[in-house]
Amino acid sequence: MSELQGINNKLEKTNANQGYVNNYILSLKLSNFRNYQSYKAEFPNCPIALIGKNGVGKTNILEAISLMQPGRGIRSVSLEDIAYKNCGNFGIHINLIKDAEKHEIGSSLNINHSKTRKVKIDGKFISPLTLTDYLGVISLTPLMDKLFIEGSSNRRKFIDKITWIFFSTHAKNIRLYEKLIRERNNLLKDNILDKIWFDNIEKQIVKYGSNIISDRLKVIKLLNNEINTNSSNFPKADMVVKGEIESKFNNSSDLDLFKDSFLRDLFDTRSKDSFRGITSIVPHRAELEVRYQEKEILANLCSTGEQKSLLISIILAVAKCYKNYCNLSPILLLDEVFAHLDNNKKESLSEEIKNLNVQAFMSGTEESDFMTFNENSYIINLDNSNNRRIHEH
Ligand SMILES: Nc1ncnc2c1ncn2[C@@H]1O[C@H](COP(=O)(O)OP(=O)(O)O)[C@@H](O)[C@H]1O
Ligand SMILES: [Mg+2]
């Protein structure tokens, strides 16, 4: 038995009967992905520290795993940029162990055939939008450091990426909804007064838009409840999705009544919207407002460190809620999170991650960033491909 198998067997016994299904990546294979012409690794189901010098390819590995979800991964770049030296194709393959069964998932691009990536599970093509049926990946990266101060569209993307791991139809709803909005805007811009066309598009906007609002709000409620009842060392936060249509949704006692009024609003705003060629009263204008509870201030006014702590708090709540709500263990990606924490917070975060009992991929330049993990953690040194555990028990 290999060392890794030994670790995974032991962990499976520890995690058995905990009321949720274990889900983890057993192996990863990359071809022509970023700086890796080819790369292979096996992983245990526990916290994993990826160590190495700047530019060695730590974030690239996290990015590859993040592409096992809908969308364009943690860096949100065009797929062509991901291919090794822009060669036009890449492949990511994982073996996923879900409820003790192995599944193969592959995601690949071949620019000569298509500009979109193809995803296969166990040999069958699936839409990337349904990847959250198989696994839930939760990530925190330095690119999110400005989340609370930048434009609201990134905060909506943030909450949508979280929402679709809970409700796997959410990614598809968002995609269809955005297409419908573009269609309506084109009608407005081109001054096409086709009543039947408008009615049909607006009916569908209401259908998908209502699901989007409802699913986002359900997730926010779960997260607020988790953050405010747990005894974490990370700050408590209150999150609200604010918007005209969200207020109406909240104040409406009946979903059908809400949908009727949403449809009326779209009809009533047609002439106003046609001046600007945009759709004004819809969930894609919503604002995710986050408040640092103890200080009673909005997150954008908090210090950089406080904002990071709030994000950690939210990410941990997502992981806990996902486990409880979906009965499945999530996979965490924490890019350079530990390096910037003081020792006290490092200790708390490693304790939280250990208690979660999930597979977490964490990056850092120094092994010492992870010294607060003293068991069941695995180091992968990308500088010299030397893998070993921090502590043997
Ligand atoms: N498409 C690409 N082809 C080849 N190399 C790439 C590509 N995209 C990024 N890189 C390289 O990957 C490295 C960055 O890797 P990254 O994972 O961000 O490093 P780190 O270990 O610091 O997180 C850089 O050296 C960069 O030049
Ligand atoms: Mg990096």
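Since every read-out is calculated from the coordinates, none of them should be taken as a lab result. Computed from a predicted structure; not experimentally measured. Backbone-built Cβ (ideal geometry, glycine too); neighbour counts: all protein chains shown.
Here is how the numbers come out for the structure above:
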{"quantity": "Candidate set from segment 109-152 (those that are hydroxyl-bearing (Ser, Thr, Tyr), within 19 Å of ALA319 (Cβ to Cβ) and outside any loop (DSSP other than H, G, I, E, B)); member that is nearest to ligand 1 (Cβ to nearest atom)", "calculated": "SER139"}
{"quantity": "Single residue of segment 311-359 satisfying the filter (of a type in the set (Gly, Ala, Ser) and more than 16 Å from ligand 2 (Cβ to nearest atom)) that is nearest to ILE149 (Cα to Cα)", "calculated": "SER313"}
{"quantity": "Matching entry among SER210, SER214, SER274, SER247 (being farther than 30 Å from ILE314 by Cα and part of a helix (DSSP H, G or I))", "calculated": "SER274"}
{"quantity": "Answer from VAL77, VAL56 - the residue that is within 16 Å of ligand 2 (Cβ to nearest atom) and in contact with a Leu (Cβ under 8 Å, 6 or more places away or on another chain)", "calculated": "VAL56"}
{"quantity": "ILE353 being farther than 24 Å from LEU4 by Cβ and touching a residue at least 12 places away in the same chain (Cβ under 8 Å)", "calculated": "no"}
{"quantity": "Number of positions in segment 41-87 that are among the polar types (S, T, N, Q), in contact with an Asp or Glu (Cβ under 9 Å, 6 or more places away or on another chain) and within 7 Å of ligand 1 (Cβ to nearest atom)", "calculated": "2"}
{"quantity": "Qualifying positions in segment 231-245 - within 15 Å of SER348 (Cα to Cα) and of a type in the set (D, E, K, R)", "calculated": "LYS236"}
{"quantity": "Residues (surrounded by fewer than 17 Cβ atoms within 10 Å (Cβ to Cβ) and either within 13 Å of ligand 1 (Cβ to nearest atom) or not hydroxyl-bearing (Ser, Thr, Tyr) (or both)) located in segment 19-40", "calculated": "GLY19, VAL21, ASN35, GLN37, SER38, LYS40"}
